[in-house]
Amino acid sequence: MADSDKATEKGIDSKKSSEHNKPKKKPNKTANAAPWTFPKNILEDAISIPKAIEEKNAGNPMPADQLVKAVGYNKPTDWRFLDLLRSANLYGLVTGTGQNATVSIAKIGQDVVAPGSSQERQKALLEAFRNVEDFKKVDDFYGNKRIPEDEYFLNTLTRQFGIQRDRASTFAEIFRANISFLKSFNINTGASANVTLGDLTVASTANADATASTKEKRVREFLDTCFVMMPFGGWFDRYYQEIYVQAIKDTGLEPVRADELFSTGSVMEQIWEQITRSKVLLADLTDKNPNVFYELGLAHAASKPVVFTSARIDDVPFDLRHLRVIVYETREPEWAPKLRKHITEYLRNTIKDPNKSIPHPFRVPVVNNTTPEISNDG
């Protein structure tokens, strides 16, 4: 064989070897995937889009590159932001989607985030849920019938409504979460009459001896929440119901305590979810309850502002006393109305300047934690 032929053959073999060793590109699973016909985010999370526009830009349209930072992300190309924005569009809360969009609040979104009455908000929330055609069809189909267990529900979603099998469980999770959210505002959809999620309470880690118990459910009024970390039982329950709840509502926040979480699943996951969702938190450090301090650590790790109350200043760690602390004395005359007034004032001041209620090392906010988190595959 001629030297030139050998060189050519060697070159071909070398090329084949190089191509063989070259890492293969993963097939693009999203290229041919059908677009999602329902939101990847629950309604409660999607509301953060019109809420940010209302609070940060007085309700005026916002470019996506500004809106992204207002909802806690950095770049308008972040798939989590794009999913959240598309979800808000599917619910009819806003118009405009994509990284280059100018986003405006729609009528439904306006009635949700800035209603003229609680009834107007209730109506708008239901409209947002049923604005998603898939949700509306499933809701109408079940009517007052009980939603079946997962296996049968998922089969029905796939066979009756054409939801792709690999997306059916996500649909079911978001659908049920939305019904539970609406029910907290005393909004009944056709399918919510027999949903068991809203009828359950769970034990909280805030008290090692606490057990699950059925409590009278309070109708939710506000979108923003204040998660309350405190011991359970005895006088603490009375303080919560008669003082804390009303003081928090006076600030336009919805009070939530761990024993009021109306869903199944891991208690700690639900507590973490409430901590990350809340606008501000309230912690009663009386008696140095270890589980309250654990939840407080989670709150600081999530860069959340916390207002402290305590019946004794000695129960407040020394390195937290420079933050907002309300010390109350139950033996003083009129201590209860005074405590309620102070809680309301401190919460309002905290909303205006949250950094004063966050220890300095934790003042860098974490990225938004939207639930459920779904990968960007279509």
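Here are a few things to note about the model shown:
- Residue within segment 68-89 that is among the small types (Gly, Ala, Ser), assigned to a helix (DSSP H, G or I) and over 24 Å from Ala177 (Cα atoms) present: yes
- Restricting segment 293-314 to residues that are crowded, with 18+ Cβ neighbours inside 10 Å and not hydrophobic (A, V, I, L, M, F, W, C), the residue that is farthest from the chain's Cα centre (by Cα): Ser310
- In a residue-by-residue description of segment 304-319, the property of being part of a helix (DSSP H, G or I), hydrophobic (A, V, I, L, M, F, W, C) and closer than 21 Å to Met268 by Cβ applies to no position.
- Hey, Thr344 in contact with an Asp or Glu (Cβ under 8 Å, 6 or more places away or on another chain) and outside any helix (DSSP H, G or I) or not: no
- Qualifying residue in segment 136-158 (condition: within 17 Å of Tyr91 (Cβ to Cβ), under 17 Å from the mean Cα position of the chain (by Cα) and not assigned by TED's automatic domain parsing to the domain that holds Ala106): no
- Filter pass, Leu125 being in contact with a strand residue (DSSP E or B) (Cβ under 9 Å, 6 or more places away or on another chain), among the aliphatic types (A, V, I, L, M), part of a helix (DSSP H, G or I) and touching a residue at least 24 places away in the same chain (Cβ under 8 Å): no
The values are calculated or read from the model by the stated rules, or taken from the named source; none is laboratory data. This structure is a prediction, so every number in the text was calculated from the model and none was measured. Note: ideal-geometry Cβ built from the backbone for every residue, glycine included; neighbour counts use all protein chains shown.
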